[in-house]
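Here's the structure, in structure tokens; my notes come after.
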Amino acid sequence: MSEKPEKLIDKKGLRLDGRKPDQLRPIKLEVGIIPNADGSAYIEHGKNKIWAGVYGPREVHPKHLALQDRTVLKCRYHMAPFSVQERKSPAPSRREIELSKVIRESLEPSIFLEYYPRTMIDVFIEVLQADGGTRCASITAASLALADAGIPMRDLVVACAAGKADDTIVLDLMDEEDKLGKADVPVALMPNLNAVTLLQMDGKLTHEEFESAVNLAIDGCRKIYDMQKEALKAKYVNIKEEAEE
Amino acid sequence: MPTFFEPKQVVTPGDLIAEGEYIAGENTYVEDKKIYASRTGLVEYDNKHVNVVALKAFYIPRVGDTVIGTVVEVGFNGWTIDLNSPYQAFLRPSDVLSRPFKPQKDELSQVLDLGDLIVAKVTSYDRTHDPQLTVAEPGLGKITRGQIVKVTPTKVPRIIGRKGSMISMIKEHTGCQIILGLNGVILITGRTLEDEQLALTAIRKIEEESHTSGLTDRITQMLKEEKSKEEEKKDE
């Protein structure tokens, strides 16, 4: 990696990649990219590149894991060995196992799990390139893949982080800000219901700083939510336009 | 009591569709007297009912449905059938053989083997029990010839059309016999391979463009064009 930057925010108040403190990285969302999966999505969030695939609801294997009153949701967050600067071992690390759990728990409230008892939904998340905030981008992509699979949901889940770089509260941290910054607050949201499904904090913030970070992250989430809906509709709207011309 | 979408507009999960004195229908849910969508689909208002016609879903069995399934397991006392659904169905030998089943004498795999396709009817299903099937009715049983197409189950009504207009139109133009499994599996049997292929492309087209208007006319036109092309070839 290149040398450590001295300051994360320059004199003009701009960040290392030229963004303003309350500006998101460019985001690209696409739905239905894995033909063999029941639902799938791809997200490019800044330099993050992530695939999510959804299978199910289907029979539970092994059978004893089945629940009689609801669906079992399984999540697997995995980073490709080439996704980071230094080669990462392909075996699931402690961090990946924890993130799988965190992502699962942030998606669970959005799904009507009680509709299909004795079944299982598998969510596979593969990080092809990582640049800070992969958990947020993963949640956004996984939720989109679930909707694409036709699984009944209360709302889409969107996630976005805010944090503190030098002494400024900034939106959507990238890798350097995540590592050298003072705090990181990832937030996952169901925007239409105005319900938070994930809230974490790493680092130190005062009460006021924390509040403004959360509010900033929620604003970011709402912006991504519009893109998410657009991506979900695009698949059908394009066909409609072509057919009706 | 306002509504927030035009009929046939695309909604995504979580979209607020209506408020007040409406009744939540398919693929919607109520929270705080507000009706939200729970799947991606098209909005439909039917009197006071608010429905979302899903653009993608999976098959949930219902008693009385005609379905097409694949044998995935031959057991000691019956077959396990895959219905393209979250739940696997079970078929008992007594519903297939027209005589009592004797485990010592009957070899189940000689009646129906792994990978065989069957047309069947759902006889029982609820939240706590997997579906049971039967083939003991005229028109049901093992499929011996034809082609299979799989579509999203929610699009089967679109393929049938209003009072069966779409499906009878395809049958008429291609001369094929078509059996629609409500689980989204469709069997096409025709006199020639070309006829079957034509019916297959028509059904694929309907599935892909199910949410567009003027579809019946476009399909009729397509079928006529393809048919005349074929005849030209024959003349040459």
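Laboratory data are not the source of any read-out in this text; all were calculated from the coordinates shown. If you're wondering where the values come from, they're calculated on a predicted model, not measured in any experiment. Neighbour counts are summed over all protein chains in view; Cβ atoms, including those assigned to glycine, are modelled from backbone coordinates with ideal geometry.
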Which listed residue (B:Val10, A:Leu199, A:Asn238) has the Cα farthest towards the positive end of the charge dipole for the protein assembly as shown, taking +1 on Lys and Arg C-beta and -1 on Asp and Glu C-beta about the Cα centre?
A:Leu199
Three-way shape label, region B:147-235, alpha-carbon gyration tensor, a/c 1.5:
oblate
Run the simple label-point estimate for A:Arg94 and A:Asn215 please: 7 Å along Cα→C-beta, distance reported in nm.
3.7 nm
Region A:114-164 - charge dipole about Cα centre, Lys and Arg +1 at Cβ, Asp and Glu -1, debye rounded to 20:
200 debye
Please check: in the Gaussian network model of chain B (C-alpha springs, under 10 Å), which one of B:Lys105, B:Lys150, B:Lys163 has the largest mean-square fluctuation.
B:Lys105
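Please identify the GluC sites (Glu not before Pro) of region B:1-46 that satisfy two criteria: DSSP loop assignment and at most 13 other Cβ atoms within 10 Å. Which are they?
B:Glu21
If we count every other residue with Cβ under 15 angstrom of B:Ala136's Cβ, Lys/Arg +1 and Asp/Glu -1, where does the sum land?
Around B:Ala136, the charge tally is +2.
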HN-Hα couplings for region A:15-21 via Karplus (6.51, -1.76, 1.60; θ = phi - 60°), in whole Hz with x for Gly/Pro, come out as 8, 4, 9, x, 7, 6, x
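Rounded, prolate or oblate: which one fits the protein assembly as shown, using the alpha carbon gyration tensor with axes a ≥ b ≥ c (rounded when a/c is under 1.5, else prolate when a/b beats b/c, else oblate)?
Prolate, since a/c reaches 1.5 and a/b exceeds b/c.
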Counting only DSSP beta bridges with both residues in region A:27-244, what percent are antiparallel, rounded to the nearest 5?
85 percent
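Please figure out what share of the DSSP beta bridges in region B:10-54 is antiparallel and state it in percent, rounded to the nearest 5.
90 percent
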GNM, chain A, Cα, under 10 Å: largest mean-square fluctuation among A:Pro92, A:Pro26, A:Pro191?
A:Pro26
For A:Ala165, other-chain or 5+-apart residues with amide H closer than 5 Å (H placed, Pro excluded) are A:Val170, A:Lys182
Which of rounded, prolate, oblate describes region A:153-245, given a ≥ b ≥ c as roots of the alpha-carbon gyration tensor eigenvalues and a/c under 1.5 marking rounded, otherwise prolate only if a/b is larger than b/c?
prolate
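For B:Thr189 and B:Val135 in one chain, what is 0.36 nm times their gap in residues minus the Cα-Cα distance, to one decimal in nm?
17.5 nm
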Other-chain or far-sequence residues with amide H under 5 Å of B:Ile81's (modelled H)
B:Val72, B:Ala89, B:Phe90, B:Leu91
Between the alpha-carbon centers of region B:80-109 and region A:177-245, tell me the distance in whole angstrom.
51 Å
Which one, A:Glu114, A:Glu96, A:Glu208, has the greatest fluctuation when you compute a Gaussian network model over chain A with C-alpha springs under 10 angstrom?
A:Glu208
For the A:Glu242, B:Gln147 Cβ pair and Förster radius 25 Å, calculated FRET efficiency rounded to 0.05 is 0.40
By the scheme Lys and Arg +1, Asp and Glu -1, what is the net charge of all other residues having a beta-carbon under 13 Å from that of B:Gly25?
-1
Using Cα positions and a limit of under 30 Å, work out the lysines in reach of A:Lys4, with same-chain residues fewer than 8 apart set aside.
A:Lys12, A:Lys20, A:Lys28, A:Lys47, A:Lys49, A:Lys88, A:Lys164, A:Lys179, A:Lys182, A:Lys204
For chain A, what is the charge dipole size about the Cα centre, in debye to the nearest 20, if Lys and Arg each add +1 at the Cβ and Asp and Glu each add -1 at the Cβ?
500 debye
DSSP bridge pairs, the protein assembly as shown: antiparallel proportion in percent, nearest 5:
85 percent
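Treating only the Cβ of Lys, Arg, Asp and Glu as charged (+1, +1, -1, -1), what charge dipole size does the protein assembly as shown show about its Cα centre? Round to the nearest 20 debye.
760 debye
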Looking at B:Val50, B:Met222, B:Gly75, which one has the Cα that reaches farthest to the positive end of the dipole of chain B (charges on Cβ: Lys, Arg +1; Asp, Glu -1)?
B:Gly75
Could you tell me which residue out of A:Ser89, A:Ile50, A:Ile27 lies farthest along the dipole of region A:27-244 toward its positive end? Charges go on the beta carbon: Lys and Arg +1, Asp and Glu -1, centred on the Cα centre.
A:Ser89
Can you compute 3J(HN,Hα) from phi for each residue in region B:140-156, using the Karplus curve 6.51 cos²θ - 1.76 cosθ + 1.60 with θ = phi - 60°, rounded to whole Hz and x for Gly and Pro?
9, x, 5, 8, 9, 8, x, 10, 10, 10, 10, 10, 5, x, 5, 8, 4
